Structures are given as structure tokens and as C-alpha cells.
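The structure appears right after this line, and notes come after that.
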Amino acid sequence: MALKIDRRQFFRLSLAGSIAAKLEATQAKPGAIIDAVNPLIGASTSVALGEGKTFPGVTTPFGMVQLSPDTVTGGDNAPGYSYEHTTIEGFSFTHMSGVGWYGDFGNLLTMPSTGELKLVSGRPNHPGEGWRSRYSHSSEVAHCGYYAVTLDDYGIRAELTAARYAGIMRFTFPKSNPARIQFDLARRIGGTSAHQSIKVVDQRAIEGWMQCPSSGGGWGNGEGHVSYTVYFRTEFSKPIAHSGVWSIDVPDAFLDPGEGLLVDRFQTDAFYEFAAKADVKRDVTEQVGKHLGFFAEFVTEANEQILVKSGISFVDLEGARKNLAHNIPHWDFGITRSQARSEWTEKLNKIEIEGATETQRSVFATAMYHAMIDPRKISDIDGRYIAADGKIRNEDGFTHRTIFSGWDAFRAELPLMTILDPTLVNDQICSLLELAAQSGRGYLERWEIMNAYSGCMDGDPALAVILDAYSKGIRNYDIEQVYSACRQSASGVGKATGRPDNEFYMANGYVPDQVSWTMDNAYFDWCVGRLASAIGKKQDADTFLSRAKNYKNIYDPQVQSMRARHKDGQWMDWKGSLEFGQGCTESNPLQQTWFVPHDVYGLISLMGKERFASSLESLFENTPPTFGWNPYYNHSNEPVHHIAYLFAYVGKPWLTQKWVRRIIEQAYHAQVNGICGNDDVGQMSAWYILSAMGFYPVCPGSGIYILGSPLFKRAVIHLDPAWHSGRTFTVIANNNSDKNFYVQSARLNGKELNRAWISHDEIVSGATLEFTMGPSPAEQWGADPGALPPDTSKL
């Protein structure tokens, strides 16, 4: 089906879309939270623009497809897009949100063009070298479920929308012979596909696959061990007039492991010399090889529209066919866009807010959006998926999911989902448990992607996720099997655990030359101990809860900080608490010292109450106003995310209120630079959501949330009746404003509440938490000894 629209109508629509995008933030209706979502928030890999590393394109809640523009291939540009770039190289169907480590996916890159056939995307600093096109943000529209942009070099308007397993693109061409749609089958964010296949099924359809092994780079430049094959079926609304396949002969030696990023080799003169000798075969119907591309050519009239829809599968071609046929069986772009909007509306409406400014509303709505991209469904419409043992399996009792950014998500993202979407949390646990069993490893991975034990970051975050879920009644799994995996994760040695030097740690109470691993192990040992206690395994509980005190073994009173020890017990050379490294992962000793979420009172005892309080205040007073990357309170990175809530433990909750509100206002914005660091698969966004609601889990697994400073006049969480006994949890903040951020008093279900914490049970039972706010601290509220948060080490 080829569509035509009048050129004047086309430009009116383009202009209207651009104007609508600019007015969206200032004219959003209070009832339409979806219209406040701005996918461009965080969409940059530049430090100057916040480095949020989100993508601006389209997806559905936890969907398999993320169809988004790509401006770059190479470097540490995981989302494939960065706002400050001035050219677009295409639109690919798979992306990751808010991550570093070079990223992965970016498969099935699709690009419309006219004129001379070019076989490479071209480098940004080599104009005209490839099919890449200039674009302007004035023509760019990014909404929830809809993205559009004009490719200036071709005069082509590109529009995107998506379903769970498929995406559809609408290209409005100028008069052209040929008008072309190209597919770079070898392209992969962070690497390259090793083998590809393409087949012309008929004049309106093509099918194929791209094999992406870890030897081709990808996640962690290949160190993340991610391997997968993407299968696709693509259909065109207009018959193909001519088509062709190109192949670039890249010597195997060019891809041998070596210094630097493999993906960056495809930006070198050497690769472009290979590309200049590419073999082009016209009207070929099928080809299998390396570094393949495909182009379909048409003849178009002015403003003629050609639609392209693709379904993908990580199982097989039959899966891709079924996924496309189920999700987009028609050629109505508007229907797919409307369905995506409906899916997002349902999810976003889980929380209703009143009394937000336009900026606050946009930041909150977009945070909700970003928090609901992963962990994504990876099984096909028929329930089939590739398991960790390489076999095709069928879902049985849960939705199989991937992208568990554990080091990030255990802190706020998944605790938030225990309130908003408990089924998703249960799915995540079952997916990790199955991975441990089918991989043969037995222990739980900390950063899973496509069945890979990527080993990214440190700790055993799955143990916190499991305890948090179990303690909240999320238990649709075999608890004995779960506990066995948790126990092995914490007690295995060598290849039976993800912990380094675990035999030494269990014998000596610290990880040599490591602050972060020692601190993490102590907390995650507490998680295992609490779980063991809950299911009646007293001996194990005593062992793990004793090990939970191991953080004390690396506290050096002489420097008044956590400090790494060598194997011989001697302290590591001290470079000061602000120096990054020294056994600290993406942090420094000052920041790591505060990570004792399971025994805050034990840390207070170590440091002394007055020093604990004064050091906390000093930490924040020295933090730059942006809260970006810095050696003090570094909101850009997860290890500090709980720290602002620690004031409550020394009877100073008003300082939590002060600093939480300041972080909310100064670290988050409604522009591209709206996230002060990688969003990290929704963790930065989840911190904002919970903090704006007025509570945060310092210690996931305890069932306790520390109260902060609610941002809105009223917020209502719609609870899940399948899991929760209550219908809604409502937070009301009377007399709230940008100056009145201190809690004067609080009431829970009409009764006076003089404590700065609330339990999960109180939330999900259905309740109303009502604050009265004021411009100055009410220093007695929440300060009495009996009002302090519970001692989680003794729960």
C-alpha cells in the first residue's frame, strides 16, 4: 500500500508535530500523564548534557522491540544516539537504556535514502562518505510511543512506532527514482554481527538473521560474554522494484582481539578501504555471509509514503513471522501508535499525581517511562525462548525476562516494582533461578543479559531482590531451590560463585584489596541470613548474619573510614578518602563507608553518633549543586543513593528532607540533561519516583522505607489486587511548595505518626499518609529515640 499526501499538508503536519513537541511540557493536561513523557530526557552520551544514555525512540512497557534513531556506532555510546550529534545513520530495532560498558544490540539498522547507492553509513566527520543524513532537532518529535524526524539530506520524513515484538516505520519520500530503503545487517552497537542471512521472500517481504557472538564485541567489548542471534521478517507496503545485497570482505585478522574497542575499527580508514571494494549483487534472492547489507528500491511520487514493518525474534524465523503477524497484521500506522499509547497509559496511570509543576510532571512521567523498559520480555508470542543451555524452551508459569542490571536495580528499581508490578519481580527471580540451573553454574548472576553471566560490576544483588520479594509476600517459586542458589552464591568458591577470593573472605572476614566487595558481601550475607531465618534454617542464619558484620573488619579508626586490607592483613596505602579507587568500585572510601544498609546503627557505633551526623552533613555541604560526578555525594552513581536518608537514624530527619528535596530539584530536569549520569536501566528514575512520593528503601529486604520530603500535593498508587490487600496508597502533602519542604507533622490513616519511616505492609494494605509541610525544620518530629527507624540487623 503506497500513500500520497499533499506536500503542503506534509509540511503543515511536520511543523505541527514540531510545535506540539515544544508546547507539550507547557500545555499537558493534569489527567494525561502520558503526554508529559519526554523520551529526550537523558538522551545523550555527553558528560556536558548529563550522560543519561537513554534512547529517544519508541518501545512498549518491558517490550522486546526498542525502535530508535542511531547517530553513532562506536565508543562508549550504548544507546546509539546522542542529542548533540547532527546526523542520523539509521533506525534500529533493539536498544539498551541508560547503560555504559559500550552497550549492545542496535540490530537491523534501517535507513531510507535517495540518489547514489552507498554501502556504509559513513563517519560523522566525513560528509557524504555514506548514507548518513543531517537532521535538525526542530523537526524531531519524541513522544511516548511515537518518534519522527526529517532526514534533511534526502527530504524524507521518518516516523516510528512499536508494539511488543515488532515495529513499524512510515517514510514520506520526495519524487525519486530510485527511492531506497537500506538494511545494515552487520551493524551492532558495541561490536559487529559475525554472520548474516538475507532472503527475498517475495516483492513485499524479506527475512533473515544476524548472529552476534561475543567474539564480535558487544557488551563490554566482548568481555560480557553476550551471544545471540536476531531473526527478522520485514514487510513493505509497496512492491519492491529492484533489490540487491552487498558484502564487504573484512579479513578475519581485522577482527582479532587486540587493543581498543573492536567496534571502533569500523570507523577507521582501513575498514573504509575494504568497503570501497564491496561486492554488490543486484536482484539476488538469497545470500548468507559476513558484513552483508540489503537494499530495496522503489519509484516514488512526491510525498508518497512507504511503510516498513519488522518483527523480530531471538528464537527463529518462525518466531519472527508469528510476532509480526500477531503484533502488526495491518498497514495502519495509527493503530499501532494508539495501541502503544494505550499500553503506556495503563502502566503510567499506576501512580496519579496532583500539584506538580509542568517541569515536575514531565520529569516524573518520564522517570516512570524509563523505569518500565527493563527487565524486558524476551520470549516470543508463543512463549518460546532460548534458554541458558541453548535449547528452545516454552514458558511455564512465568514470563522469561532479560537485562537484570542488578548492581543498580536492587536499590530502588525493583523495590519500586514490588509495589507497582509484583508479577514482574517474580518473573525476574524465576528467570535468574532458571539461568543458574540451566547454565550449570548454580549461583545467581549479578548483571544478566541474554543468558550471559557478564560479570559486570560487583556484589550479589539477586540475593537482595529475592529477600525483598520474599519478605513482601512475592513467592511464586520454589523457595528451597531459590535458597540453594542464594546459599551457593554467597558460600561457593572458585567457579561456583561470582565472588572473588570467597574462600579467603569466609575465613578472614574481608576480601583482599577490596572495600566494595567486602561491604557488598556483608550486606548480601545479611540477605541470605534473613532468608535462612525466615524459612527455618537457623544454623545457616547464624552463620550468614555473623558474616554480615564483616564490614567492621575494614574500618580503620585512624583514618575514620573504610579501608582496603591486603591478604597479609596490612592496610592498603592511604590516598585520602576522596581518591577514587583504593578498592572501591566506581567510588571512593568516603562514599563506600556509608554502605551498611543492613546495620546502620552498627556503623553509627563504629564512627560515633556525633561524627556520623557531622560527616553526613559535611558530605552534602561539599557536594556541587548539580550532584553530578564528584567525590562527595555523587548522585551520578548508585553506591550513594541511600545516603540522604541516613539522617533519620540519628534523629535528624529534617536533614533528609532538605537534601532529598534539593537532589530532586537540582539533579533532575525536564531537558536532555535531565539525568545527572547514566539512568542505569531505570535506577536513577526509580530513585526519583520513590523520593518524589516521599519514601525510599535504605535497606531492601527489610520492608522498611524511610520518609523524606514528598514533592506533590497528592499522589495515589493503585495497588495490584492480585498481590496486595489494599486498593490504593495515598500520600498527601498539605501546604507543600518549593519553600515548604520540611515535614511539620504526619498522620497515617488519620492517626498521628511521629516516626520517619513506614513499612511495606502499611503501604500495600491500603493507607493514607498525610503530611503537613512548612518552611523550617520541625526538629522534634521523628527525632525521639522511640521514633527512629528499626534496627534492621535485629529484625
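Could you check, for the range 93-113, whether at least one of its residues is outside any strand (DSSP E or B), open to solvent by 20 Å² or more (accessible area, probe 1.4 Å) and in contact with a Ser or Thr (Cβ under 6 Å, 6 or more places away or on another chain)? No: zero hits. Among the criteria (1) open to solvent by less than 50 Å² (accessible area, probe 1.4 Å); (2) out of contact with any His (no Cβ under 6 Å at 6 or more places or on another chain); (3) assigned to a loop (DSSP other than H, G, I, E, B); (4) not hydrophobic (A, V, I, L, M, F, W, C), the one Thr418 does not fulfil is (3).
Under the condition of being of a type outside the set (Lys, Arg), open to solvent by 20 Å² or more (accessible area, probe 1.4 Å) and part of a strand (DSSP E or B), the residues counted in the range 378-397 number 3.
Across the range 159-209, what is the total count of residues that are farther than 27 Å from Gln267 by Cβ and part of a strand (DSSP E or B)? Residues in the range 159-209 being farther than 27 Å from Gln267 by Cβ and part of a strand (DSSP E or B): 19 in total. Given the conditions (1) over 27 Å from Glu346 (Cα atoms); (2) in a strand (DSSP E or B), which single one is not true for Thr656? The one condition Thr656 does not meet is (2).
Set side by side, the residues Asp389, Asp380, Asp408 differ, and just one is touching a residue at least 24 places away in the same chain (Cβ under 8 Å), acidic (Asp, Glu) and within 24 Å of Tyr705 (Cβ to Cβ), which is Asp408.
When only residues in the range 271-304 that are closer than 14 Å to Gly208 by Cβ and open to solvent by 60 Å² or more (accessible area, probe 1.4 Å) count, which is modelled with the lowest pLDDT?
The initial filter retains those residues of the range 271-304 that are closer than 14 Å to Gly208 by Cβ, namely 284-296.
Checking which are open to solvent by 60 Å² or more (accessible area, probe 1.4 Å) leaves us with 285-286, 288, 290.
Details: Thr285: 93, Glu286: 96, Val288: 98, Lys290: 96.
Within the range 271-304, the match that is modelled with the lowest pLDDT is Thr285.
Filtered by the rule that a residue be open to solvent by 30 Å² or more (accessible area, probe 1.4 Å), under 17 Å from Lys652 (Cβ atoms) and not in a loop (DSSP other than H, G, I, E, B), the range 773-795 gives Pro785, Gly786.
How many of the residues in the range 539-577 are of a type in the set (A, V, I, L, M, F, W, C) and open to solvent by 20 Å² or more (accessible area, probe 1.4 Å)?
Kept after step one, since they are of a type in the set (A, V, I, L, M, F, W, C), are these residues of the range 539-577: 541, 544-545, 548, 554, 559, 562, 564, 571-572, 574.
Checking the rest, the ones that are also open to solvent by 20 Å² or more (accessible area, probe 1.4 Å) come to 545, 559, 571-572, 574.
Summing the residues that are of a type in the set (A, V, I, L, M, F, W, C) and open to solvent by 20 Å² or more (accessible area, probe 1.4 Å) in the range 539-577 gives 5.
The residues in the range 212-258 that are touching a helix residue (DSSP H, G or I) at 6+ places or on another chain (Cβ under 9 Å), closer than 13 Å to Phe105 by Cα, open to solvent by 10 Å² or more (accessible area, probe 1.4 Å) and of a type outside the set (Gly, Ala, Ser) can be counted, and the count is 3. Selection of the range 589-621 for residues being within 19 Å of Pro785 (Cα to Cα), among the hydrophobic types (A, V, I, L, M, F, W, C) and touching a residue at least 60 places away in the same chain (Cβ under 8 Å) yields only Val600. Scan the range 309-330 and report the pairs whose first residue is among the β-branched types (Val, Ile, Thr) and whose second residue is in a strand (DSSP E or B) and open to solvent by 10 Å² or more (accessible area, probe 1.4 Å), with Cβ atoms within less than 8 Å and a gap of 6+ or a chain change. What qualifies is Ile312/Tyr231; Val315/Tyr231; Val315/Arg384; Val315/Ile386; Val315/Ile392. Taking the numbered list (1) modelled with pLDDT of 95 or more; (2) over 27 Å from His635 (Cα atoms); (3) in a helix (DSSP H, G or I) in turn, Ser14 passes all entries but (1).
The values are calculated or read from the model by the stated rules, or taken from the named source; none is laboratory data. Given the structure is predicted, the values throughout are model-derived calculations rather than measurements. Positions of Cβ are generated from backbone atoms using ideal geometry, with glycine treated the same way; all protein chains shown enter the neighbour counts. All accessible areas refer to the heavy atoms of the entire protein, side chains included, with ligands and DNA or RNA removed. Shrake-Rupley method; radii C 1.70, N 1.55, O 1.52, S 1.80 Å.
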